[in-house]
1. THR184 to VAL88: FRET efficiency via 1/(1 + (r/R0)^6), r the Cβ-Cβ distance, R0 22 Å, to the nearest 0.05?
2. Name the residues whose placed amide hydrogens come within less than 5 Å of the amide hydrogen of LEU135, ignoring near sequence neighbours (fewer than 5 apart) on the same chain.
3. Cross-chain or 8 or more residues apart, Cα under 27 Å: how many lysine pairs in the chain fit that? Count them up, please.
4. For segment 90-300, with only Lys/Arg (+1) and Asp/Glu (-1) charged at the beta-carbon, what is the dipole magnitude about the Cα centre, in debye rounded to 20?
5. Spelling out what I want: for every residue of segment 53-68, take phi, set θ = phi - 60°, compute 6.51 cos²θ - 1.76 cosθ + 1.60 (Karplus), and round to whole Hz; glycine and proline get x.
6. Where does helix 17-30 land angle-wise versus the long Cα axis of the chain, in degrees 0 to 90, nearest 10?
7. Pulled fully out, how much extra length does the chain show between THR197 and GLU125, if you take 0.36 nm times their separation in residues and subtract their Cα-Cα distance?
8. Could you give each residue of segment 130-137 its phi-based ³J(HN,Hα) in whole Hz, using Karplus coefficients 6.51, -1.76, 1.60 with θ = phi - 60°, and x for Gly or Pro?
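We did not get these values from a lab; they are worked out from the coordinates using the rules stated. For clarity, every value in this text was computed on a predicted model and none was experimentally measured. Reconstructed Cβ throughout: ideal geometry from the backbone, glycine too, with neighbour counts over all protein chains shown.
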Amino acid sequence: MAPKAYAAGLQLAGVSVRDAMAAVARSLEASGIDGAVRDARLLVLEALGIAATDLLRDPERRLSVDEAARLAAFARRRGAHEPVSRIVGTRGFYGRTFKITPATLDPRPCTETVVEAALEIADREGWRETPIRILDVGTGTGALLLTLLAELPKATGVGTDISEAALAVARENASMLGVAGRATFLTRRTLDGIEGTFHLLVSNPPYIPTREIAALDLEVREYDPFTALDGGADGLDIYRALAHGLQSAVPEGWAVFEVGAGQAKAVAQMLRSAAGAAAPPEIKIWKDLGHHERCVAVRTHC
């Protein structure tokens, strides 16, 4: 039986939680979903509005008609390779929960490398208890900016994005995390029109070469916004634009960029060339947990 037909045929009303979870896991496995058992568990929790402990406490509880319909709908969506995070509408990032929508990129664990790098820099510069200003270019959900504001209690920040819908999500996340009073959001693509100067710039810009987007995993190419992926012919368009105005926006501080596979050296060279200083600027590169060069940082100075 075809995976979608199997998922569409799930009959879960009156079924125990244990058996419903097993049936969803089988349907996801038939659809070629890796981690089907894990995903089935997450979808059951969301569809029934219960905690993980409830699964252990009462696995024989029977699903109502409404719960069964909701879970079957979730299973159909996951069977079509829609990410669980998009089905439930949230993503965990650096120990916090962020709302996501079709207007935003889905923050991924590798992007936490940018946070780690920025906090390492903050410790080095003595910024933990300092009222620094942070700029997040391409903020999306606000994951980078809002995480840093939560970790750096004296900091304030500006998040920019070309999508008004994404900025609305970022504002909502700022409120949920209790940092809305220290965050401002603007509709911008690059550094043009950004007023004032900053101590720290962070960015996870679009960096996939246009021709490679069609070959990305289905869960990325079909569900992440195209504009949040498309980095131009070589994937480096936004880095060029940001490097050009970096010295004005961050006259003395650090800029930290997420980069794609194999892009770290090219981005580092771009930042060196744009610095225009007699002495080459300090450049640091961080690897993610998969040992890929994921983050490039440059120290700017007058």
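1. 0.15
2. VAL158, LEU200, LEU201, VAL202
3. Total qualifying Lys-Lys pairs in the chain comes to 5.
4. 340 debye
5. With the stated coefficients, segment 53-68 comes to 5, 5, 5, 6, 6, 9, x, 9, 4, 8, 6, 6, 4, 5, 4, 5 Hz.
6. Relative to the chain, helix 17-30 is tipped by roughly 70 degrees.
7. Stretched fully, the THR197-GLU125 segment lengthens by 24.2 nm.
8. Per residue, the Karplus-derived 3J(HN,Hα) values read 10, x, 7, 10, 10, 10, 10, 8 Hz.
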